[in-house]
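One structure below.
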Amino acid sequence: MDSHSVYNLPSVVPDDNSTTVLQQVERIGFMGAVPANWRDGVSMKAHLELHIEQGPYLVNSNQDIAQNRRGLASVGVITAEPGSVNPVPEEVTMSLDIRHPKDETVEAIVHDIADYLENRRRSLYLAPPFLLDDYTPRYQLLSSIDEAKKRSAAYAHLRQCNLCPRLCNVNRYEETGYCLIGAETVKVSTIAPHFGEEPCLQGHNGSGSVFFSGCNMRCVFCQNHDIAHQRQGFDLTPDDLAGWMMKLQEVGKVHNINFVTPEHVVPQVALAILAARDSGLTVPIVYNTSSFDSLDSLKLMDGLVDIYLPDFKVWSDSTSKRLLKTEAYAEHARASIAEMYRQVGDLCFTGDGIAKKGVLIRHLVMPGKEEEGVQIMNWIADTLGKDVFVNVMEQYRPDAHVGKAKRGAKEDAEKRYAEINRAVSDQEIGIVQKAARDAGLWRLAEAARHGGFNI
């Protein structure tokens, strides 16, 4: 191609055909006075390389960030670290080639792309910071000295019980406190692989759940009323419980051991975990709680629990007094959940989609209490961070004392706790879910839009 034809080549930028190679070369001061023609014996000090321009193909691909400003952008080099075949990269760097005749427009495109990436960052299905190549349960890492300290602390708690904010301070070897459970044994309703938990906990083989009888609360709507309030079940020593934990692992092939409502039997649970460790337990421990724990109790669990599964029930003191029969529930729940988060951080997974460590906070939406759910979502985002995994639950049903007639009342008399004697509405659930997203929470336990695990 002769020089005249080269100089007259138009710009590839849409609607900018008036700009030619000659005009651009003159604009940047690269147009010399002597024609560069090696055939005429002119020595060459520089040359202009022509190549196939990919700009039109980028324009036609509908990647419109740069196109919106009539520019072009493309990625030329991508580097992944550590660069091995199997692991998900810890860090990925890339070069970005941005083109436009005006420097200020190039800078504007850079800002546009940065804003786009920031807004899209939270839409990743699995962010590398929450992906584990492998995981060793925390109780496996305890030294013999730490194990001895845990055992000693467990027995001390039973001799002067301060496991929950009620602070009964009774010697449970001699009498029982509010939970009505002694020191030598725990009362268990059910032990089995459970498939009613979040997908990341139950997986394909189930969560090895141990449902304890008794409770340190008296929720009038308790969804497990027959277990928690009526103390149905069988008695097990910590060693007996450890044996069942091993059966869940070896026979049930469960993904974890899930202690359901363990707040009032934490010392026995600690002793059982240590005994099971000595017997070969290797799966993570889940602490499934109503969040009415004492900080002393959680200190005993530190190093033994891998996944905390707290249920943050209500926000206002008036609601906790009426429906939970507790004082200052939200205050204690906030302190407990903050301590749980300090211990294990955000929920993390291995590549199979199974959770291994971290906190997953639940909130059961209740009739007429959606604004309390909004406050809970805001607290989670503001205090713990926007990466906390949250499950806004919608399965509330009237149970236990709700909707029952008052003792001695006439048949047509108003039922007890009439304000929550109904199912929760879609609108109430939607308000709490929207509040979670508006607060910036993005790791929500809900159906995955991309068809896989929502982790």
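The values are calculated or read from the model by the stated rules, or taken from the named source; none is laboratory data. Keep in mind that what you see is a predicted model, and the values were worked out from it rather than measured. Positions of Cβ are backbone-derived with ideal geometry, glycine not excepted, and every protein chain shown enters the neighbour counts.
Screening region 350-368 for residues that are among the aliphatic types (A, V, I, L, M) and in a loop (DSSP other than H, G, I, E, B) and picking the one that is farthest from Leu323 (Cα to Cα) gives Ile354.
Considering Asp239, Asp235, Asp226, which residue is surrounded by fewer than 17 Cβ atoms within 10 Å (Cβ to Cβ) and within 25 Å of Lys321 (Cβ to Cβ)?
Matching residue, one of Asp239, Asp235, Asp226: Asp226.
Taking first residues from region 234-246 that are more than 18 Å from Gly214 (Cβ to Cβ) and of a type in the set (Phe, Trp, Tyr) and partners that are at pLDDT 95 or above and not in a helix (DSSP H, G or I), no Cβ contact under 7 Å between residues at least 6 apart in sequence or on separate chains turns up. Being at pLDDT 95 or above, out of contact with any helix residue (DSSP H, G or I) (no Cβ under 7 Å at 6 or more places or on another chain), of a type in the set (D, E, K, R) and on the phi < 0 side of the Ramachandran plot narrows it down to one of Asp306, Asp311, so name that one. On inspection, the qualifying residue turns out to be Asp311. The listed residues are Asp226, Asp240, and the only one of them that is of a type in the set (Asp, Glu), within 24 Å of Asp399 (Cα to Cα) and assigned by TED's automatic domain parsing to the domain that holds Ile273 turns out to be Asp226. In region 323-335, of all residues being crowded, with 23+ Cβ neighbours inside 10 Å and closer than 12 Å to Asn216 by Cβ, the one that is modelled with the highest pLDDT corresponds to Tyr329. As a summary of the residue check, Leu304 satisfies the conditions (1) in contact (Cβ under 8 Å) with a residue 60 or more places away in the chain; (2) more than 20 Å from Val260 (Cβ to Cβ) except for the one numbered (2).
Listed by position, the helices (runs of 4 or more DSSP H) enclosed by region 198-301 that each have at least 1 residues that are over 24 Å from Gln343 (Cα atoms) are 225-228, 238-250, 266-279. Taken as a whole, the condition of being buried (at least 21 other Cβ atoms within 10 Å of the Cβ), small (Gly, Ala, Ser), within 20 Å of the chain's Cα centre (by Cα) and farther than 21 Å from Ile257 by Cα does not apply to Ala338.
Screening region 159-203 for residues that are without any contact (Cβ under 8 Å) to a residue 24 or more places away in the chain and closer than 18 Å to Gly252 by Cα and picking the one that is surrounded by the most Cβ atoms within 10 Å (Cβ to Cβ) gives Phe195. Condition first: more than 12 Å from the chain's Cα centre (by Cα) and in a loop (DSSP other than H, G, I, E, B). Can you find one or more residues in region 369-389 that meet it? Yes: one or more hits. A search for C-beta distances below 8 Å between a residue of region 377-392 that is over 20 Å from Glu197 (Cα atoms) and any residue that is assigned to a strand (DSSP E or B) and not aliphatic (A, V, I, L, M), counting only pairs 6+ apart in sequence or on different chains, returns Met377/His363; Gly385/Asp346; Asp387/Asp346; Asp387/Arg443. Listed conditions (1) part of a loop (DSSP other than H, G, I, E, B); (2) surrounded by 12 or more Cβ atoms within 10 Å (Cβ to Cβ); (3) modelled with pLDDT under 95; (4) not acidic (Asp, Glu) are all met by Thr136, apart from (3). When each of Ala192, Ala154 is tested for being modelled with pLDDT of 95 or more and part of a helix (DSSP H, G or I), the lone residue that passes is Ala154. When you look at Asp387, is it loosely packed, with under 14 Cβ neighbours inside 10 Å, in the same structural domain as Thr136 (by TED's automatic domain parsing) and farther than 24 Å from Val220 by Cβ, yes or no? The answer is no for Asp387.
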